[in-house]
Amino acid sequence: MTVTSPTRSPRTPAAASGGTRSRRRSGRGFYGLSLGAGISILVVLAAVAAFLLIEAWPAIVASREELDAISWLDASSLAVYIGPLIFGTLLSSVLALLFAVPIAVGIALFISHYAPRAIAQALGYLVDLLAAIPSVVYGLWGALWLQPVIDPFFRWLSDNLGFIPLFADYTPPARNVLAASTVLAVMILPIITAVSREVFLQAPRLHEEAALALGATRWEMVRMAVLPFGRSGVISASMLGLGRALGETMAVLMIISPGYLFSFFLLKPGQHQTIAANIASKFPEASGLSVNALIATGLALFTITFAVNMLARWVIARRKEFSGAN
Amino acid sequence: MSKRIDVTDLNVYYGSFLAVADVSLVMEPRSVTAFIGPSGCGKSTFLRTLNRMHEVLPGARVEGKVVMDGTDLYGANVDPVEVRRQVGMVFQRPNPFPTMSIADNVLAGVKLNNRRISKSDAADMVESSLRGANLWTEVKDRLDRPGSSLSGGQQQRLCIARTIAVKPQVVLMDEPCSALDPISTLAIEDLIEELKSDYTIVIVTHNMQQAARVSDRTAFFNIEGTGKPGRLVEMGDTSTIFSSPSKKATEDYISGRFG
């Protein structure tokens, strides 16, 4: 903006335009800075993708004989090897999400709309504290404490609901995918709770009062004004949690007894393995082509995470008109 | 479908702060009662006690009696949720539910009472409520569009349609036109004139011309200073209040000498 009114400005025209120029320069500087920050994200993303592609390539194009030379890879092709790993990764993460989301939404609603302020605050801190626990500690907790504790429950499940294949053939100790998912659920609970709580707190007072004034009970008010408003936020939160569960390494590695099958026996050990835990367990002894093969599985994980995020965006965008953002 | 409300010795508190003191007045059925007064005099706070919306704020409470149809709305075994189904409310800023379509907005309150409402009943109710709010002709071709796609004035009439769809006895309006342009304001005022044949209407307004145009009775609230409670100064027929008020403060306010 240039100064046009000489009566209001005591500065000389030269000084005024000098000031304007420096302001313009600082504006351009900030533009450059934010543009650079934006571009750096793309560069890092591209660098990671390029690394994965280049390093995975030798394994992707390798012949059957070459792959057979890798001691732990007894599959007819790389795709056949990765398939069960992708399955195991998705299964454990989706199960974790199924456990975590309802609990997280419940806690978030309790904190934002039901609890007295003092309790709500304390509970909020506690949930945030869960997020600060390192995953290796969760692994130890899951392997040493949770497994014996959850054992009678799994027994009961297998004895009473064993006719459903999902719950058949429980074999102690509980080193199965359901135990791993339980720990994963605890690990992703804080992030989903924290994001959901923030979204629920932002539900417009205006709409909450509209619902109450129509004669809604508190739960009906939550259903009419808070949950629909928070829907996209809860989806984003779940996807953040899913992202963490998909990539989680230590906890799964320490709990699950690995297997490479497309199996829905949730209580049987030696059925499943996740990509991340598999890389961590194989990497120390890998060399040559086997490293490339492991990186190829990493590429698969990267693609899955990417797809999950795109899916979440699409779900959110689909009902944008009704989101209340306009 | 229209009931009289008797308020006796009502004190309204926010925590320990007395916001409105000693209000006693009567709102007649099938008429429009307007509350006027300077900002902060407690007229909106008082209005919100009439459907027990005041107490949704933490620490807010009420002493005194609000009697509708022989029952004290603040009686021990009266459910505030029930009260709000009888006494509807339209807010200062239009607040249709953004996640619902126009039709669903109209049915929002109805569905609380009656989950299983047949498709044809629902359609009839949407039409009659929207007609009642003078909005039908404008939106009948886009009932499945979001409520937030309407203009401000249309949104406010949608909120009125939503309120009258539950067939309340009383409709409270908290400065319903303050966020609207003059043409939309006129539409709402016409609507109030029509609604009064079916409902007891209580309206808070900052606009004295509006009070003079739409109301039958007017109550003037005033506050002596900050930290003091708001009080009812006088109440009477709108024509009397605006031509020959009995209190000096009322005359000063309506003639624009303060406020």
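The values are calculated or read from the model by the stated rules, or taken from the named source; none is laboratory data. Just so it is clear, the model here is predicted, and its values are computed rather than measured. Here the Cβ positions follow ideal geometry from the backbone for every residue, glycine too, while neighbour counts run over all protein chains shown. Only protein heavy atoms, including side chains, enter the accessible area calculation; ligands, DNA and RNA are left aside. Shrake-Rupley method; radii C 1.70, N 1.55, O 1.52, S 1.80 Å.
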(Q) So for segment A:283-294 (the condition being closer than 30 Å to residue B:96 by Cα and among the acidic types (Asp, Glu)), does at least one residue qualify? (A) no
Q) Could you count how many residues in segment A:135-171 are surrounded by 17 or more Cβ atoms within 10 Å (Cβ to Cβ), of a type in the set (Gly, Ala, Ser) and under 10 Å from residue A:267 (Cα atoms)? A) 1
(Q) Step by step: first the residues of segment B:136-148, then only those that are open to solvent by 10 Å² or more (accessible area, probe 1.4 Å) and without any contact (Cβ under 8 Å) to a residue 40 or more places away in the chain, then the one that is farthest from the other protein chains (Cβ to nearest Cβ). Which residue is that? (A) B:137
(Q) Which pairs turn up if I take residues in segment A:151-166 that are under 21 Å from residue A:91 (Cα atoms) and look for partners that are outside any helix (DSSP H, G or I) and open to solvent by 100 Å² or more (accessible area, probe 1.4 Å) with beta carbon separation below 8 Å, at least 6 apart in sequence or on another chain? (A) A:165/A:264; A:166/A:264
Q: Could you please give the count of residues in segment A:198-229 that are within 21 Å of residue A:312 (Cα to Cα) and modelled with pLDDT of 90 or more?
A: 3
Q | Filtered residue count, segment B:151-165, keeping only those that are free of Cβ contacts under 8 Å to residues at least 60 places away in the same chain and within 11 Å of another protein chain (Cβ to nearest Cβ) | A | 1
**Q.** Selection from segment A:222-233 of residues that are crowded, with 19+ Cβ neighbours inside 10 Å and either away from chain B (no Cβ under 14 Å) or of a type in the set (A, V, I, L, M, F, W, C) (or both)
**A.** A:222, A:224, A:225, A:226, A:229
Q.
Just to be sure I understand, how many residues within segment B:95-106 are more than 9 Å from chain A (Cβ to nearest Cβ) and either crowded, with 22+ Cβ neighbours inside 10 Å or of a type outside the set (A, V, I, L, M, F, W, C) (or both)?
A. 4
Q: Among what's in segment B:42-73 and is assigned to a loop (DSSP other than H, G, I, E, B), over 15 Å from the mean Cα position of the chain (by Cα) and of a type outside the set (D, E, K, R), pick the residue that is nearest to the other protein chains (Cβ to nearest Cβ).
A: B:58
Q: Mind telling me which of the residues B:22, B:6 ends up being of a type in the set (Asp, Glu), open to solvent by less than 50 Å² (accessible area, probe 1.4 Å) and more than 14 Å from every other protein chain (Cβ to nearest Cβ)?
A: B:6
Q.
Looking at segment B:74-94 only, could you name the residues that are within 20 Å of the chain's Cα centre (by Cα) and away from chain A (no Cβ under 13 Å)?
A. B:74
Q. Does segment A:234-244 contain any residue that is open to solvent by 20 Å² or more (accessible area, probe 1.4 Å), closer than 30 Å to residue B:112 by Cα, in the same structural domain as residue A:190 (by TED's automatic domain parsing) and not polar (S, T, N, Q)?
A. yes
